[in-house]
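Written out below as structure tokens is the structure these notes cover.
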Amino acid sequence: MWIEDEKTSIADSSQMIDVAFRINCKTLPYDHAFSLSSEILKYLPWLRENNLTGIQTLHGPDSGNGWTRAENEEIFLSKRTRLIIRVPKSDFDRTCKLEGETLEVLGNNIKVGTACKKPFLTVRDLICRFVLTDDDLDESEFLKYVAKEFEEHSIHIRKAICGKTKSFSVDGNKKFTRSLMIADLSKENSIKLQDVGVGIGRIFGCGIFLPHKSIDAVANFKED
């Protein structure tokens, strides 16, 4: 007799997972990251224990694919919009305790519905909507900064594009971010980047990598 090892997907090697909640909420101000985070932490204070744990900001149809931000004061949310929290895989069950709660975010109520697991996708191109940065750091300096951080995780990037500096508020203080797209990643590095992210501020939605909605990501980078 002989026993063969089962084939394991590269995505299964991830340490983190996204927990996606159905929500009922029609609109939110664009700059809602701090308020949303503060409200969720009332119910799940342990999220602060791991600096890789992240709370994604909410995006509506007018937010595009995440590369360009909505300039409207309000974001209109569809029924397909999900509240997504990135946590270690072992924390899935206690994250689900947010189900059924109502979050009060800047005068808007977000009714939280059922949750499901959303495993990472193995894609070649990743997008981070918000990477915390200094407002006086120019594009080349910013890219050097992120490349150095990636090298600490043995990830050597070949193609990176960053967006213009944008601002948002954290407890009344203005913070600056840039969007960042990393292209032409290996499957292993794609999963690793989704695990470790970039920079700081995950709890406010910063440094979280997501699949970029490109034809290549969908069609040409499936698991072998």
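Quick note: the coordinates plus some simple rules give every number you see, no bench work behind them. Note that the structure is predicted; figures quoted are calculated from it, not measured. In this analysis, Cβ positions are derived from the backbone assuming ideal geometry, glycine residues included, and neighbour counts consider all displayed protein chains.
Structural remarks
- About the Cα centre, charge dipole magnitude for the chain (Lys/Arg +1, Asp/Glu -1 at Cβ), debye: 580
- Restricting the calculation to Cα atoms, the chain yields a radius of gyration followed by a Dmax of 17.6, 67 Å.
- Computed [θ] at 222 nm, helices only, for the chain once each DSSP H run of length n ≥ 4 contributes -39500 (n - 2.57): -5500 deg cm²/dmol
- Taking every alpha-carbon pair under 8 Å whose residues sit at least 6 apart, the chain reaches a relative contact order of 29 percent.
- Straightening the chain between Ser90 and Ile23 buys 21.8 nm, computed as 0.36 nm per residue apart minus the Cα-Cα spacing.
- Across region 186-215, the residues whose backbone nitrogen lies under 14 Å from the label position 7 Å along the beta-carbon direction of His156 are 186.
- With at most 14 neighbouring Cβ atoms within 10 Å, loop GluC sites (Glu not before Pro) (DSSP) excluded, longest segment of the chain: 153-222
- Evaluated at q = 0.24, 0.26 Å⁻¹: base-10 log I(q)/I(0), Debye formula over Cα of region 126-219: -1.33, -1.50
- Share of Cα-Cα pairs in region 13-118 lying beyond 25 Å, as whole percent: 17
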